[in-house]
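Report on the structure given below.
The values are calculated or read from the model by the stated rules, or taken from the named source; none is laboratory data. Only a predicted model underlies this, so the values are computations on that prediction, with no experimental measurement involved. Here the Cβ is made from the backbone with ideal geometry for all residues, glycine too, and neighbour counts use every protein chain on show. When the accessible area is computed, the model is the full protein with side chains, heavy atoms only, and any ligands, DNA or RNA have been set aside. Shrake-Rupley method; radii C 1.70, N 1.55, O 1.52, S 1.80 Å.
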Amino acid sequence: MLSLTTAVGELRGVGPVTERELKARGIHTVGDLMLLSPIRWQTEKLYPLSAERVGEFSGFRLTVDSDASTVHAKGRGRFLRYLCSDEDGTRVTLLFFNQIYLKNQIRKGQELFAFGVLQEKKGAFSLFSPKLRKEAPEGVRIRPIYAATHSISSEKTEKLLGLLPDGLFDQISETLPTSTLKRLSLPARGKALLTLHRPRSEEELQLAKKRFSFEAIFRFCVQARLFHRQSTGETVQGLIPKRSLDEFIASLPFSLTEAQRRAIGEIARDMTSKGRIPPMHRLLQGDVGSGKTAVAAAAAYLCAMGGKSTLVMAPTEILATQHANSFARFFEPFDVPVLLLTGSTPKRARDKILRITQGNEPYILIGTHALVEEGAVCRGIGLTVCDEQHRFGVRHRTLLGDKNEGVHTLVMSATPIPRSLAMFLYTGENISVLDELPPGRQAVDTFYIGQEKLERLYGFIRRRCEAGEKALIVCPLIEDEEGESPLQSAVEEWKQVKKTLPSLSVGLLHGKMKSEEKETALNDLIEGKTQVLVSTTVIEVGVDVPRATVMVIQNAERFGLSQLHQLRGRVGRGKEKAWCFLVSSHPAKSARERLKKLCDCHDGFELARFDLEHRGPGDFFGTRQSGFEAALSVGMGMEEMTSVSNEAELFLNEAGPEELIPYERATRLN
Ligand code: ADP
Ligand code: MG
């Protein structure tokens, strides 16, 4: 008997390889599998063959006009080829890669239904490995598409989920108050989940999506209100800095932008009033490169000069390290120790840090979420700074709030939340916006190029590097051991670049490396020991490399526009001109349009909106999705947002925060 707790390894069709890969994705039980959200849905609808369908997923009713012929592709195996035509006699070539067994299944004269993305070259249509069906589809079928990994295709995931009876979904426990579901006519969690995997109609799917978006915003609102309530009534002693802020500002290696000055002024007002004051809760919002770090450092300075310490939390080790370096530079003239604590800090260093944090002198402690666990032992904290808060999810934030009552909080974010929505979501929080980039910044020239232009691109990289600049190349995969993936892997690209550009030194950075190795790779680039760094998206958030002017992103179609914008933000942070090359040979029109948008647009907010409209929010579960994305993804207006907020208020009045069931527990039987 299947249950939510049945191990995935017991499912039919799950061998050791699949099991390992599922586990690597955090899927251990049938319940975990059920919570795996499709990334999008395809509507299986029949069309006549026409140029209009090129690049789009479509279904075609075809007659097979030829027997199979085999085509040998150099070094890539064999293709099976059939010529077909639709009712109007329009022709199309069907190509199947390494699926020789199909030879006996498709015969000349036969009718079949083929589903795939239509391609066109010089007026000739073709379909690459389309899905085939012998019977006409009944009505319009909506099919879930799951993120594919190495050996688990979307179809495989669909098949595995298909083994689960409908009734099993009823066992998924509810995470929203039943009264709320009733009032808003939203489906129960189990039902909605079943719909995401097996939608019966577009309407049903929309309602299920709405339920999950509602839940994301609801949680966000509950947390925000909770945070607000915890701190209302609470007061702290206003800081009295013993050295002036002007001294700090004068010591900076650049002069501040107007926006930075304004934000620092707002923060100073929050933290340095006389007597007992409510603690600051401020959101510092600014696009990539707007200079949030210097603002945070000014806040930390005020804190230190007032005799208190600062905790800075970053989402990744790389970013924490980088922050530690920046802060160390900023605080060198002021004799305030800057400490770095991450999951991989060795015990001895950790003990030393903990000794300092037990002392009475102010310090600045920077780290990853390991800090949260250590937070309790820190003394004299006056300020916490949380960078890229959406990466932590709300949970961490509450944790931090719990452990450090009466502490000023500064949340930094490059997530483009419109002001009105931000005010609404972050109840009681004040917002400072950096709406200005430091002077001399130029928009990064962005190009969309095909794989075939790579040779020339490498030549360009060589010339830039010879001029003393640096290049970053980002790949979607770490390594492609079986050599099967159509995606470029970092390891492979690294070998390739080293071979093509022997005069340059080329580094490699990815998530599977040990953290000292990662740090070395990044430092080598920063210090100029390497000129080109090939990496995965670990480079994404906040990393600052002086004189990096070329960014290359392989298989750019794989990334969201906001993510591409963040990646692009890694270059062009100085006065020099910078370039970003989006490499993609993806034929789909929608993919091309998204990438072209990035070439023309340098506004993070506009890009986020465009992406949501054209791609959908991707992941409905977990704390990954911010309330903002959830709201936009289902087109929720202010009115509906207000109803969510009211429900959150009601919930907190009637129940209590402890009754908000964590997502992690949601697959348990009761
Ligand atoms: P983000 O807002 O993305 O976190 P950073 O704080 O990392 O941006 O700043 C990006 C770069 O701009 C850093 O190299 C920083 O030293 C530099 N910078 C910040 N403020 C200014 C300024 N006012 N003038 C010149 N450069 C600045
Ligand atoms: Mg930053």
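Working only within region 153-167, note down all residues that are open to solvent by 50 Å² or more (accessible area, probe 1.4 Å) and acidic (Asp, Glu).
Glu155, Asp166
Restricting the search to region 269-279, which residues are open to solvent by less than 30 Å² (accessible area, probe 1.4 Å) and farther than 24 Å from Ser251 by Cα? Break it down stepwise before answering.
Pass one, region 269-279, residues open to solvent by less than 30 Å² (accessible area, probe 1.4 Å): 271, 277, 279.
Correct list: Ile277, Pro279.
Among the strands (runs of 3 or more DSSP E) lying completely within region 37-152, list those that include at least 2 residues that are in contact with a strand residue (DSSP E or B) (Cβ under 8 Å, 6 or more places away or on another chain) and open to solvent by less than 50 Å² (accessible area, probe 1.4 Å).
Numbers: elements: 40-44, 57-64, 69-73, 77-85, 91-97, 111-121, 124-128, 131-133, 141-145.
In region 37-152, the matching strands (runs of 3 or more DSSP E) lie at 40-44, 57-64, 69-73, 77-85, 91-97, 111-121, 124-128, 141-145.
Residue-wise test of (1) outside the structural domain of Leu161 (by TED's automatic domain parsing); (2) of a type in the set (Val, Ile, Thr).
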site	(1), (2)
Ile27	no, yes
Ser69	yes, no
Leu94	yes, no
Gln99	yes, no
Leu102	yes, no
Lys108	yes, no
Val117	yes, yes
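Residue-wise test of (1) away from ligand 2 (no atom under 16 Å from the Cβ); (2) open to solvent by 80 Å² or more (accessible area, probe 1.4 Å); (3) outside any loop (DSSP other than H, G, I, E, B); (4) not assigned by TED's automatic domain parsing to the domain that holds Arg547.
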| site | (1), (2), (3), (4) |
| --- | --- |
| Leu454 | yes, no, yes, no |
| Phe460 | yes, no, yes, no |
| Cys465 | yes, no, yes, no |
| Lys495 | yes, yes, yes, no |
| Lys499 | yes, yes, yes, no |
| Met513 | yes, no, no, no |
| Thr520 | yes, no, yes, no |
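Would you check which residues across region 280-323 are modelled with pLDDT under 90 and either open to solvent by 10 Å² or more (accessible area, probe 1.4 Å) or basic (Lys, Arg) (or both) and list them?
Scanning region 280-323 gives His281, Arg282, Gln285, Asp287, Val288, Gly289, Pro315, Thr316, Glu317, Ile318, Thr321, Gln322.
Please identify the pairs in which a residue from region 496-524 that is within 29 Å of Ala24 (Cα to Cα) and in contact (Cβ under 8 Å) with a residue 24 or more places away in the chain has its Cβ atom under 9 Å from the Cβ atom of a residue that is basic (Lys, Arg) and outside any strand (DSSP E or B), counting only partners at least 6 apart or on another chain.
Matching pairs, first to second residue: Gly507/Lys529; Leu509/Lys518; His510/Lys518; Gly511/Lys518.
Counting just the residues of region 262-292 that are within 9 Å of ligand 1 (Cβ to nearest atom) and charged (D, E, K, R), which one comes out farthest from Gly306 (Cα to Cα)?
Taking region 262-292 and keeping what is within 9 Å of ligand 1 (Cβ to nearest atom), we get 284, 286-292.
Checking the rest, the ones that are also charged (D, E, K, R) come to 287, 292.
Details: Asp287: 30, Lys292: 21 Å.
Going through the qualifying residues, I end up with Asp287.
What are the residues in region 542-563 that are open to solvent by less than 10 Å² (accessible area, probe 1.4 Å) and either away from ligand 1 (no atom under 16 Å from the Cβ) or assigned to a loop (DSSP other than H, G, I, E, B) (or both), if any?
Going residue by residue through region 542-563, those that are open to solvent by less than 10 Å² (accessible area, probe 1.4 Å) are 543, 545, 548-554, 556, 560-561.
Passing the criteria: Val543, Val545, Val550, Val552, Ile553, Gln554, Ala556, Gly560, Leu561.
May I ask you to list the residues in region 4-16 that are open to solvent by 80 Å² or more (accessible area, probe 1.4 Å) and among the aliphatic types (A, V, I, L, M)?
Filtering region 4-16 for residues open to solvent by 80 Å² or more (accessible area, probe 1.4 Å) gives 5, 10, 12, 16.
Answer for region 4-16, where residues must be open to solvent by 80 Å² or more (accessible area, probe 1.4 Å) and among the aliphatic types (A, V, I, L, M): there is none.
Return the residues of region 429-452 that are within 30 Å of Leu283 (Cβ to Cβ) and open to solvent by 50 Å² or more (accessible area, probe 1.4 Å); say none if nothing qualifies. Quick ask: steps written out before the conclusion?
Residues of region 429-452 that are within 30 Å of Leu283 (Cβ to Cβ), as a first pass: 429-444, 446.
Selection gives Asn430, Asp435, Glu436, Leu437, Pro439, Arg441, Gln442, Ala443.
Of everything in region 324-344, what is in contact with a strand residue (DSSP E or B) (Cβ under 8 Å, 6 or more places away or on another chain) and buried (at least 20 other Cβ atoms within 10 Å of the Cβ)? Give them in sequence order.
Quick first cut of region 324-344, residues in contact with a strand residue (DSSP E or B) (Cβ under 8 Å, 6 or more places away or on another chain) only: 324, 327-328, 331, 336-342.
Those that are in contact with a strand residue (DSSP E or B) (Cβ under 8 Å, 6 or more places away or on another chain) and buried (at least 20 other Cβ atoms within 10 Å of the Cβ): Ala324, Phe327, Phe331, Val336, Val338, Leu339, Leu340, Leu341, Thr342.
Return the pairs, sorted by first residue and then second, in which the second residue is in a helix (DSSP H, G or I) and open to solvent by less than 40 Å² (accessible area, probe 1.4 Å), the first residue lies in region 342-354 and is touching a residue at least 40 places away in the same chain (Cβ under 8 Å), the beta carbons are less than 6 Å apart, and the residues are 6+ apart or on different chains.
Pairs that qualify, where the first residue is touching a residue at least 40 places away in the same chain (Cβ under 8 Å) and the partner is in a helix (DSSP H, G or I) and open to solvent by less than 40 Å² (accessible area, probe 1.4 Å), are Thr342/Ala320; Thr342/Ala370; Gly343/Ala370; Ser344/Ser515.
Please specify each residue of region 284-318 satisfying the condition of being of a type in the set (D, E, K, R) and closer than 19 Å to Val338 by Cβ. Full working, then the answer.
Within region 284-318, the first condition is being of a type in the set (D, E, K, R), and the residues that meet it are 287, 292, 308, 317.
Hits for region 284-318 are Lys292, Lys308, Glu317.
Quick check on Glu174: is it surrounded by fewer than 18 Cβ atoms within 10 Å (Cβ to Cβ) and in a helix (DSSP H, G or I)?
Details: surrounded by fewer than 18 Cβ atoms within 10 Å (Cβ to Cβ): yes; in a helix (DSSP H, G or I): no.
Here the answer is no, as Glu174 does not meet what is asked.
Being modelled with pLDDT under 85 and under 12 Å from Cys84 (Cβ atoms) is the filter here; which residues of region 104-140 pass it?
Scanning region 104-140 gives no hits.
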